[in-house]
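Each remark here refers to the structure printed beneath this line.
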Amino acid sequence: MHSQRRSILGSFMGRRCRLSVLILAWGGLTAEVSAEVKVSDFGKTADGTPVEEFTLANSSGSIVKLISRGATLKEWHVPDKSGKMADVVFGFDDVAGYESPANGYFGCTAGRVANRIAGGKFSLDSKEYTLATNDGPNALHGGVQRSFDKVVWKGTPFESADGEGVVFTYTSPDGEEGYPGTLAAKVTYTLTDKNELRIDYEATTDQASPVNLTNHAYFNLSGAGSPTINNHELMLAADHYTPVDSTLIPTGEIAPVAGTPFDFRQFHAIGERVDQLGTGTGAGYDHNFVLNNQDGKLALAAKVRDPNSGRVLAVYTTEPGIQFYGGNFLTGAIAKGGKKYDYRSGFCLETQHFPDAVHQKNFPSVILRSGETYRHTCIYQITSD
Ligand code: GLA
């Protein structure tokens, strides 16, 4: 019996981590079996740092793979309405893929400050800080060399009453990528039996510094590599959004969505009005929405339905904003399993504070001070109708 269990769960078994318990109905018998977070080598970065891969599984048949480079979500296999599995997130098969220019932040943890900072400069407590500019005139997603998506985090697998997961930690030294203070960051992924992937963020600092962490998963609910997300239907719990200039920096206005292509208060196909925002590389949805729930408690932020597969993604967060990015910069990168990621074939729903908050007095502050703890929870749940 033991060896049979191992052969069924062989691909989930690992070399460390405590045991978790799965109840499997199998051959008319209900057997209590053990599964663990599987930990494997995922190769090395160009500078020789080893990268680990962690495989999580749950009783609903979902499998999630995470890697320690960028505390990244690499794979998420979930059933559709007929039980057929597909991997619904973007990623690469090796570290070289993640290090290549084809990687549009696929599945990573973005930080210290996800999204844009105008001009790559900000002042804090009367001191001016200069960041690398990597997105036209602006700083995007934490820097160029050692932003949170590029460094290798320490991953520790665990199992709890909620499911199994990995705690990733990284301490960013004072001055790294131009940001002040030593910042200790922790990102905990938990896969539950309800097909929720819960991401809990925490950070502390020894000096005031801006912090805005998010996950940059790209989803295609028909399976990553399917041609478009324009047929997916989106609902956003947002009466307002933050309009942007031509470099995607918010103007500071908190504008109503009513009467605009940004009105997703009821479900709309993503492609229905997207071309009203322009066509061609970069044009389309890439905006921060002001979530109706602003009290810091976990609340529904977004839902996406894919009529083809029947999969439904729900996003819950404690954050005040969500960046809805419709994959407008994708240009056909060849990635996991030889699949191609075409223009507008993946979407991101990045729970966050608003972009360029360091320059906008009326946006919720992203400044973390010594003695405070930054906390943010995001839950992605995938079910099928
Ligand atoms: C974010 C930005 C987009 C784009 C992607 C990465 O979501 O808002 O403009 O830069 O990252 O390609």
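Every number here is computed from the coordinates shown, using simple stated rules; none is lab data. Note that the structure is a prediction, hence the values are computed from the model and not measured. Because the Cβ atoms are built from the backbone with ideal geometry, glycine has one as well, and the counts that use them run over all protein chains shown.
So how much slack lies between Thr383 and Ala255, counting 0.36 nm per residue of separation and subtracting their Cα-Cα distance, in nm?
Values: separation 128, 0.36 × 128 = 46.08 nm, distance 3.21 nm.
Extending this stretch completely gives an extra 42.9 nm.
Taking Lys and Arg as +1 and Asp and Glu as -1, the other residues whose beta-carbon sits under 15 Å from that of Pro79 total -3.
At a 10 angstrom cut-off on C-beta neighbours, averaged per residue, how do the peptides 70-78, 240-248, 275-283, 200-208 rank from highest to lowest?
Highest to lowest by the protection proxy: 70-78, 200-208, 240-248, 275-283.
For segment 56-197, the equivalent ellipsoid derived from the alpha-carbon gyration tensor has semi-axes of 32, 17, 12 Å in decreasing order.
Only DSSP H runs of four or more residues enter the estimate; each adds -39500 (n - 2.57), and after division by the residues of the chain the mean residue ellipticity at 222 nm equals -1000 deg cm²/dmol. Measuring r between the beta carbons of Ala269 and Lys81 and using R0 = 22 Å, the FRET efficiency lands at 0.75.
Would you mind ranking Ile334, Ile199 so that the residue whose beta carbon has the fewest other beta carbons within 10 Å leads the list? Walk me through the intermediate numbers first.
On the way: Ile334 13, Ile199 24.
The order, fewest Cβ neighbours first, is Ile334, Ile199.
Taking label points 7 Å from Cα along the Cα-to-Cβ direction, Ala184 and Ser60 give a separation of 3.4 nm. Gyration tensor over the Cα atoms of segment 143-255: the corresponding equivalent ellipsoid has semi-axes (square roots of 5 times the eigenvalues, largest first) of 27, 25, 15 Å. Evaluating 6.51 cos²θ - 1.76 cosθ + 1.60 at θ = phi - 60° for every residue in segment 63-74, the Karplus couplings come out as 10, 10, 10, 10, 10, 7, 6, x, 6, 9, 7, 9 Hz, glycine and proline recorded as x.
Can you tally the net charge around Ala314? Count Lys and Arg as +1, Asp and Glu as -1, for every other residue whose Cβ sits under 14 Å from the Cβ of Ala314.
Details: positive: Lys194, Arg198, Lys303, Arg305, Arg311; negative: Glu196, Glu233, Asp306, Asp385.
The answer is +1.
From the alpha carbon centroid of segment 30-97 to that of segment 303-363 is 20 Å.
Taking other Cβ atoms within 10 Å as a rough exposure proxy, Tyr374, Tyr105 sort from fewest to most as Tyr374, Tyr105. Going by neighbour counts of Cβ atoms within 10 Å, the residues Lys303, Lys44 line up, fewest first, as Lys44, Lys303.
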